Structure formats: C-alpha cells, structure tokens
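Inspection log for the structure reproduced underneath, given as structure tokens.
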Amino acid sequence: MFSLKPPRPTFRSYLLPPPQTDDKINSEPKIKKLEPVLLPGEIVVNEVNFVRKCIATDTSQYDLWGKLICSNFKISFITDDPMPLQKFHYRNLLLGEHDVPLTCIEQIVTVNDHKRKQKVLGPNQKLKFNPTELIIYCKDFRIVRFRFDESGPESAKKVCLAIAHYSQPTDLQLLFAFEYVGKKYHNSANKINGIPSGDGGGGGGNGAGGGSSQKTPLFETYSDWDREIKRTGASGWRVCSINEGYMISTCLPEYFVVPSSLADQDLKIFSHSFVGRRMPLWCWSHSNGSALVRMALIRDARQQRKIDQRICNAITKSHPQRSDVYKSDLDKTLPNIQEVQAAFVKLKQLCVNEPFEETEEKWLSSLENTRWLEYVRAFLKHSAELVYMLESKHLSVVLQEEEGRDLSCCVASLVQVMLDPYFRTIIGFQSLIQKEWVMAGYQFLDRCNHLKRSEKESPLFLLFLDATWQLLEQYPAAFEFSETYLAVLYDSTRISLFGTFLFNSPHQRVKQSTEFAISKNIQLGDEKGLKFPSVWDWSLQFTAKDRTLFHNPFYIGKSTPCVHNGSVKSFKRTKKNYSSTLRGMPSALKNGIISDQELLPRRNSLILKPKPDPPQQTNSQNSDMEPYFREWFSKPVNLHGVILPRVSGTHIKLWKLCYLRWVPEAQISLGGSVTAFHKLSLLADEVDVLSRMLRQQRSDPLEACHGELGQSRMYFRASGPHDTDTSGTPEFLSSSFPFSPVGNLCRRSILGTPLSKFLSGAKIWLSTETLANED
Amino acid sequence: MASASTSKYNSHSLENESIKRSSRDGVNQDLTEAVPRLPGETLITDKEVIYICPFNGPIKGRVYITNYRLYLRSLETSEANQLASQFLNYHRFPVAHRPLFAFLNEEKFNVDGWTVYNPVEEYRRQGLPNHHWRITFINKCYELCDTYPALLVVPYRASDDDLRRVATFRSRNRIPVLSWIHPENKTVIVRCSQPLVGMSGKRNKDDEKYLDVIRETNKQISKLTIYDARPSVNAVANKATGGGYESDDAYHNAELFFLDIHNIHVMRESLKKVKDIVYPNVEESHWLSSLESTHWLEHIKLVLTGAIQVADKVSSGKSSVLVHCSDGWDRTAQLTALAMLMLDSFYRSIEGFEILVQKEWISFGHKFASFPTAFEFNEQFLIIILDHLYSCRFGTFLFNCESARERQKVTERTVSLWSLINSNKEKFKNPFYTKEINRVLYPVASMRHLELWVNYYIRWNPRIKQQQPNPVEQRYMELLALRDEYIKRLEELQLANSAKLSDPPTSPSSPSQMMPHVQTHF
C-alpha cells in the first residue's frame, strides 16, 4: 500500500559526532538557511539547529532534519526534507506543515534518555538536565516528538524552556492575537489613518468558500439583532440597548432582545437579582410565535417568585397566542461542565494515549465508560424535548442555568439547529455560534484553557460540534457544511489569532484590547477596543479551493434550481421523490427520545423553588411527547423543516474523523466515507455545471461560455460530463482525509503494509512512564 | 405468542387451494384472503389468532400456513394499526415442511441463476490451468472426497495417485486444492482440512511432498505459509481425535500460524447473545458494553484479521498460502472467501460475489462499510442472500455439498436464488460503485471501525430502523436523475436555439461535446 521510498539524504553537519541512527550518511553538508515564515507581529524567541523530528516510532529512517524555533505564536519545525509517506496535507495558511500553535499545546515533556529522566515542563521552571528529546502533546490529539542528539545541548534546553514559557502565558494580553492586531494597526496607521485594512479588521467573515459573498452577522450591533427578529418573524420582542458600554453587565452583549412589554427601567431593576445580572435573553422565535429564551438564576430569594412571575408574564405576553412558558432547568437535567470535561479527558486518553492493540478488546465498553457519547446523547435528547415544547405545544421555552452561559449555549444552539434550516447553512451556523456562544458570553478563554489554568477547562463547544455532527450523520442532506468544516472549526478554537474564541465575553475583548492599545500607543478613535480577525474569515486560513471542502455535496439547498418543463423551480418540489421514502418508524418509546430522565449526576449547586407550572400540566405535556416523536419519525422528513435526532445507543456514534484522524492504525487507506463523498462531489459538480449552462443557454445561447462557469462549490470536480463513473478513488483519500496521521507519534510505525502495521510493531516508543520523573 | 380463537374457518384450506391453483404468474393475490403466494405455494391451513407483537402489542389477525411460510395478516384496519400491519408483512416465517418448498416452487425468471457459476469458466478467468496448475476430474463421481466438488485444481506435478494418497492423511479426504491464484505474482490460496496427525504425531511423506510441490509453484519465497484458522489450543486438542496440524519437523519449508478463530458452536452462542440484546427490545443504557459482552464483533474481527493476513501474505508477502481449520468447511471458507473479496475486485461485482458464494460458501457478518465505492452490490443484496439462506425457497443453499446436490438434481428441480437477483439487478446495485481492476482492499480490522450490522440484526425493531433507503444513496440517485434531466433539457434548448439562429458560429450540437469546450475557457 505504501510506497517505501529509500531514506532521503539527511541534513546534518560534519562538525558533529556521528549519530546513532540507521540513517545513511550524507557527506555533503547542506549549507542553507532555514528561515521561519512569520506573521505580522510574530517574533522568534529561541531556536535550535540540527533537530530531528521523529516520524515513526520504530525506525529513524524517515526522520526529518531541521531547525526548531519557538515564536510568540507557534513552534515551528523548518526543514528542507519533504514529509515521507504522506499523500495529502490539508494546508492551513497560518501554519507550516510541522507547526503547532502555542495555544494548541497541552503538555510539554522533556526527556534525557541517558540519565533516564523526564520532566513535564511548566512555565518558569528550571530544567536540571539537557534534554535529548522533546515531546509535545497537543490539544488536537496529536503527539509530536523531536530529538536533540546532534543539537547544541544548551540551545535545545533553551528552546524547550521557551516553549514551556510562551505556551503557558500568565496574562491574556500575552496571547499572540494582541501582538498581531497591534502590528496590523501600526502598519495601517502608517498608511491609512488608523483604520486597519482589509480582513484583519471588520472580521465580518466571508462565507466559507467559492463565491459566497454573504457576511456572517456578528451580533455586535443593534441592527444584527433587529434583522434576526425580523428574519424569525418574532413579534412582541425588541432590541434593548441598556447594556451599551456594558453599563449593566460585563458578561452580556451590548445589544440583546427582550420582551417588548418589559421597559428598560424594569429590566435595570430586575437585572440586579440575576446571577451576573444576566437577565432573560431572547434566542429565537418559532413561526408559531413560541420563543426560546435563556436566563441565569435569580439570586435574590425574596424577589425570586415575583421577578420570575413578571418575566414569565412578559414572555407570555410576547406570544401571539399568549401561551405558557415552559422552563427547563439545565443544571438539573444535564451533566455539568466538570463531568463533560472528565468524559473528554477519558475519551482523549482512550483515543490517543492508550496502546491501540491493548484497547481493542475492551474498546466498546471503554468508550461507553468515558460517558462522552452518553453526554452527547443527553444534550441531543433534551434539546429534542424542547423542540417538542416549542413546535408542538406552542410553548415558549426558558432555559435556566446558574450563570446561563455554559449548558445554555449548547442547548439553545442545538434546539435552533433542529428547528431552523437557516442554522444548517454555513452562514447560519456561524451566526448561531456568534449569537449563542460568542455574544452570549461563553467563556472561551477559560473553557478552552488558553492560559492553562486547568480548573475551568471544559469542552462544551466541542460537545456542541459533536452533537451537530450526529445530526449531520443522520441527515446528511440537511446541512450545507461537511464534517471537515466542523473539524476545522474545532481546530480553529486553538489558533490564538482570532478574536472569536479568545475571550470570556465581548466586554473582555473591549477592556483588554483597549488597555493593550493604550500601552502600545495605538489610536483607537471611535472603536470599542481592537478589532481582531474573525475566525469566519476563512480566507485567512485556507485557500478558496481548500475551503470548498467545507461544502457538503449532499446538501439540498433551498435555492438549488431544478428544471421542470422548461421553467426553473425550487428543488423543494422534486423533494417529493425524496420524501416518498419510508423514513423509518418511531424512535420514541424506550429506545428513542422519550424515556425517563437519564440518571445523570445532578449538579447540586442551587436548589430551585418549585416551578410555577402545576405538576399535572407538566405530566400531560410529557405524555403527549411520545406520540409526537413517534409520529414525527413515521413521516417523511422535510429537510427544510424540523429535524430530530435518533438517540438510541445504536444511533449515537463516535465522531471518528475528529477523534481518530491522527491515529495511524485507525486510518483506512483508500477507504472511509470520503470515497462516497468524493463520488458524490463529482456528480454534484457536474449537475452544477449543467445547471449553469442551462441558465445561460436559456438567456442567451451566445453567452453560453460566459460567466461563473469556472467556479465550483465542490472540492472534487468532474473534468467533463459522464465521467463520474470512470474516475477511480484518488490515491490520497483515506478515512482521515483531509487530515493525515503521518508524523503523529501515537505509538508506532505507519510503515509497511497495513498488516504489519496491525500485527507487528507492537514496540511502544520510549515510554515516558518507564523513566524516572525529575521531580 | 399467539392464541387461537374460533376454529370454524379451519376446514377451508382445500377450497382455498383450488382457488389459488387457478391463478398464474408472479405472486398471487387472492381476493378473498389477500395473501400473496408464490407459484407453487399452497395453503395448508389458516386460523384466527391474536398475535402479540413484541413492538406494538397484541394484534388481531389471521394466520395462514402454506407449504412455504407462516403468514400473518392483520384484521384491524384502523389508522393506528396500519403501521403495525405494514410491519407485520415482514413477519413471514418459513415453515419446515416436507418436501422442501424449493422443490415445489414454480417461479419463473428470465435468467437462469444456475448458469452463473461455471467452475471451468471461473478458473479460466483466473488463468487456469497453467504450467503449474491443472484441472482434475478425479472427483468426478465424488469418490475421492464426497464433500468436494467434481472439478478440482491441483499442482501440475502431483499425479492423481499422489492425490489419493494425500487424501488418506486429510480429514474427510479434503485435500489441499487451489481456490485462487494471484494474477501477477502467481501465488495461490489453497484450502483443505486438517492433517490426521493424531496423538502419536503421525507423518505422511506424500502429504509433506504435496505441500512442497505447492510451495515450489512459487519461486519468490522459500516457504509455504499455513494458516490454521483455529486457536492453537483447539488445534492441539484435535490431536486427541486424530486430527492436528502441520509440525515444524515434518514440514520444514512451511510456516504455521494460528488465527484464533473460534468454532461454529462458540460463534452460535455469541450470535444468540446478540439476539438477546436486540430483541425484542434493544438494550438501551449500556448498549456498547452489552454489545461487547456478546463477543460477536470480536469474532468478526478475528475472521477479518485472518482474512487480511491471508490477503496480505499473498499480495505483499508474495507467498503461497494454505488455509485450513478442522474440516475446512466453515472457518476456512470464511477466510478464503473474504481474502478473495479483498484481493480480487471481480468478486466485488454482483455476479462475482454470487460466484464466490457458490464457490467458497460464505457466512457474511460484516459488510465492508469502510469501502463504500468498492462493491457493486448494496446492503439489500447481502440481506436477501441471508434471508434465503434459511427460506428454502431456492435450491441454492440446500444440502451440504455438491455430491448431495447432484443426487437430488437440485439444478433441475429447484430455482436458483441468483435467478431472482439477476433478473432484478438494479435493486441490488450500489450507486457509488467504481469499478477498479486489481485493487487490494485492506480493511482495518479494529473494533474502532466494526459496528453491529444494525440493518440486518435489528431490522424488525421499528424504533431502531435506520433510514431506508440510505439517505446518502438516495441523494446520489436523485442527482443522477437531475443530471439526466438537465442534459435532456440542454439538448432540447440547443436544438431550439440552433433552429432560431440559422448559423451559430460556436454552438455545439450536444452538451457532451460542449462541456470540454466550456471548460477550456477557464
């Protein structure tokens, strides 16, 4: 399967003692400068030459020689050697092939195998030995290993210490994004009066790829919220500006939406009773008028009942049918953030750190024991129940959570993904993340643990992406984006260049960046803080061609034209064809969505007073839930309507692309669902081209060759019509595509045939556990 | 399960039979009962019953027993019960009956499935005979080995007398015969039963020589690789009953590996446990650990791992391979058939797979979901094969070996399952299939990728049922239709336009010609 190329001549110096490797010696030293590629504001902190990057665990045959640098943004390994055995590399424009952003580093282990010592390096620590080896455990499940056998011992040590220091900053303003943006402001100040140029500034974000000119609403402005109210057709709701300048709350956005019947003055008074002054925030309205609202707990016990009643009344008043409010106490229903974190740690341990073969036998039960899938399921299930309340019972739903900025983000988002097809488009999904995560004050800084204060870390955002993936897996034609998009989005949370995932709240961005601007003499003018690049500006990370991998070829867009007897109709009409299929039967009952509440560990932080709803009412609501789901699942699905997850044990799956993409042993060469994706892309591309030709033919046959024919939504393109059947699977496709596990030192060699990979080579690489820890 | 109610309709069976006899082709739809029947299917009795459906509770209905199956028809027609009755249509249990329905089946198809497999043709496709391998008719009357087919491929250098002597040293006389030959490196997969070594460690010069002859047909590697499908403990234990395995002392030029695959009894127990966790209710809160405790996927993994080893040895290791277990008909068939499926893309087509099934006998538990474009057939194809493995509607899977089938004149007296499938091939085609020549598939035999075949094992549970048809396949078919529609429209438009513009300078005449032209623009 793999073409075993002879080992390449390596880069080495004649000044150094001969290495103890099985490399062939290249007597001609290459005298060539290896220069890092740096971003604006990026500086090299330390570097070391003659470093060997290990590619395989049982042979040094494929190792690469080069220079290891530590900058204030990344660690970078610069080499002239091409990556061996790699057939495809999905390139991020901000990073070299061997680079790791500092914010992606989880743990740094230095080893001296002569002295049999190892040390996990924290910031500002001393290292008593000269490291012969550096192992970087990355947050994205990769493991990178460098050897310093031929490097200057002191420089090697210095680089290790620099990496440890710079990857674990003590202050937010030390994150690279500040330096980068500062530089941009300075540069642009020299050119145009203080306004940062181009994409670095506004951060509105282009669409993911090919030709989309839409911008993602960021919900930083009044008008974005106003537009969302109009888009959903919500009546009885208004944009509220009382938090302008963050006068009320530092963890709320400046603009948010509240019931029209609540006056600013009332809100100001009520706000004092809520944890974090986080009063009710409107998320979304159903076309039937039911609204989704999120809020923190009411802290003031004496006021609680009164305020609660006022809020509920106001929400009821905003409902065209004056329907009741259904409250969901997420703290009592769902696992808490510590539990989610614990599950994630176990999952990671299982997927990455445990020896592949040893975990095979007990894989299924080990996976179950991580509880990760159980939690994904719990969030999906609860969200589906709330969909029922909004959609079928016509009730407005209030999500309650202590602070209202963790579980609420996830549940509010999932409910909207299920209910509103707009959020299943790329722009819609991004606007949803802006609305329910970034603006709603999800604490990305703490939860992603960019500053390495681990006690607040929790992968709720990943859990949301995972749950979205489950829906995508179950309804592949309902989403505009692909699973690659979801994986890349997850990776982007660990590149400290974008403002999107860097802060605990919008206010924190303003406050910190204003301080930073003052300290750096940057003139902000009228701007509220520095404008960081937005992650939605995907062109910063990927070429237009690579961004097309974000597009899901299965997607049935509303706008996809379909021709019927000469007139163009929306594809929706032909969906009859699609929907005439039997879509399976109720997945409710025991195996489906509705069984008794999961016996999840409860969060015991706050005890709530009984809900205002009489208990019988709740029961009657729940008893109708089962038939609702049963009926929904018995009908053909409308991909532009509600989609509900199937949540039985057989339906919730491990998101392999995300969690196993760096594991060489798990990679299926020339296989995986991507091979079907590839075929479908070719066909979808052909249909696109034909439809464009058709449009042009119809308008003017002479212009048939004119226009946007060259653009394609698809990464894989048909070279001509009718050739989709003859083209084979491209050699570089694998179940990890577009990622490649080559060079990830999970445990063992990626060399040889898949079989020898599977059976032999059980040699575990120099295990750090066998070494004595220095401390 | 079912409780009988009134019995006054019991005696109607004969009448009904005469009514049915009158109708002809296809599936009969009797007006009075509306029980679909196959040609040759006759009603034996019927009864009013209450069927306790494990998913939907009790359903009043009438049970019909024919010489082929037990058929339950719901009497309740209310809307609430429509779902249930729809589902009940699936519940057709084949009834054990003598003579087997396959011999009474009068179905007619426009293709004859019995002609699908012609051993001579199949060996010719593989390039056999050649100067190392010959076709022998020594077993023409099944006197060498009654459980082997009449036609065998053996080393050119082994005489028929050699074969007879080797047969005495192999369990049930199942001597090593060729299953598959690699088109390029000419290494082979040979299958047989265990050698009759016994407690005393008997040796047989002829057998040793025969294996050496097999080895010598391949000059690339100096060893013959033997895969004993059994766990080594079992292989040793078999010595007590006269069996055993090839020892190092006796077979110098062979390397023996045990593949640790358990026997059919262990597997059957495992499958029973799978049934327990999926029927009638699917284990909910601890699905994964329950599934693990059945060990079913572990068996699948071991078989798959063994097959990968065989395929890899032949393809990358360039060594000929001999596979056996105890008798060489269960695990051996699993291994050789799977290895051949990985090695030879021909077997991944519908006809190729039918030939493989016919040739090697196959128990298929895991679909190759890892390679969605590599197989011409779809899931339905595998399911229908498994269904008719037990249905007795076709002669394909009746009896244990070719000699018995011949005695019973199966090809003359019964219909082949392949007739049914091949006369309706479109239904069983995988739209993503991409024909590839000589591509070896290397599945990853890891629990990380193995999943229970939910669409087969849990298909009766309405709550678990996956979307059918598969939404991905469905979408592909839609796009294919859309493409054809566009092409048609384009052609029409171009015709119309060329009529309008009397002399368009660049207007191509068909979209297929136009496309490359358009593309060169960019």
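For the pairs A:LYS67/A:LYS115; B:LYS273/B:LYS425; A:LYS67/A:LYS128; A:LYS139/A:LYS531, flag any whose C-alpha to C-alpha distance is greater than 32 Å. Over 32 Å Cα-Cα: B:LYS273/B:LYS425. Scanning residues 5 or more positions from A:PHE274 or on other chains, those with amide H under 5 Å from its amide H are A:ARG299, with H placed 1.01 Å from N in the peptide plane. Averaging Cα coordinates gives a centre for the stretch B:119-145 and one for the stretch A:116-156; these two points are 64 Å apart. Restricting the calculation to Cα atoms, the stretch B:105-199 yields a radius of gyration followed by a Dmax of 15.8, 56 Å.
Among the chymotrypsin sites (Phe, Trp or Tyr not before Pro) in the stretch B:124-191, those placed in a DSSP loop whose Cβ has at most 11 other Cβ atoms within 10 Å are B:PHE137.
Couplings 3J(HN,Hα) for the stretch A:404-409, derived from phi with the Karplus relation 6.51 cos²θ - 1.76 cosθ + 1.60 (θ = phi - 60°), are x, 9, 10, 4, 4, 4 Hz, where x marks Gly and Pro.
A Stokes-Einstein calculation at 37 °C with viscosity 0.692 mPa s, built on the Kirkwood radius of the stretch B:320-415 over Cα pairs, returns a diffusion coefficient of 225 µm²/s. The Rg/Rh ratio of the stretch B:199-282, with Rg taken over Cα atoms and Rh as the Kirkwood radius over Cα pairs, comes to 1.19. The fraction of Cα-Cα pairs per 10 angstrom bin, counted from 0 for the stretch B:227-347, comes to 13, 36, 30, 17, 4, 1 percent, rounded to whole percents. Karplus-derived 3J(HN,Hα) values for the stretch B:257-270, using 6.51 cos²θ - 1.76 cosθ + 1.60 with θ = phi - 60°, are 10, 9, 9, 6, 8, 7, 7, 4, 5, 5, 5, 4, 4, 4 Hz; glycine and proline are entered as x. Inter-chain Cβ neighbour count for B:302-313, averaged per residue, equals 2 (cutoff 10 Å, partner chain atoms only). Within the stretch A:446-525, the percentage of alpha carbon pairs spaced more than 21 angstrom apart rounds to 45%. Among the listed pairs A:LYS126/A:LYS158; A:LYS117/A:LYS452; B:LYS205/B:LYS313, those with a Cα-Cα distance over 19 Å are A:LYS117/A:LYS452; B:LYS205/B:LYS313.
For A:TYR326, the residues whose amide H sits under 5 Å from its own are A:SER396, A:VAL397, A:VAL398, ignoring neighbours fewer than 5 places away on the same chain, with H placed 1.01 Å from N. Considering all C-alpha pairs of the stretch A:206-323, those separated by over 26 Å amount to 23%. Note on A:LYS53, A:LYS317: ascending count of other Cβ atoms within 10 Å places them as A:LYS317, A:LYS53, the fewest first. Note on the stretch B:248-287: semi-axes of the ellipsoid equivalent to its C-alpha gyration tensor, largest first and rounded to whole Å, are 41, 11, 5.
Straight-distance candidates among the aspartates and glutamates for linking to A:LYS520, with alpha-carbon spacing under 12 Å and chain neighbours fewer than 8 residues away dropped: A:GLU179. The average projected area of the stretch A:291-337, computed from the convex hull of its Cα atoms over all directions, is 3.9 nm². The mean number of Cβ atoms from other chains found within 10 Å of a Cβ in peptide A:364-372 is 5, as a whole number. Exceedance of the 22 Å cut-off in Cα-Cα distance is limited, within the set B:LYS219/B:LYS301; A:LYS381/A:LYS635; A:LYS348/B:LYS272; B:LYS359/B:LYS409, to B:LYS219/B:LYS301; A:LYS348/B:LYS272.
A short reminder: the numbers here are calculations on the coordinates, not readings from a lab. Predicted, not measured: the structure shown is a model, and the values here were computed from it. Every residue, glycine as well, gets a Cβ built from its backbone with ideal geometry; the counts of neighbours run over all protein chains shown.
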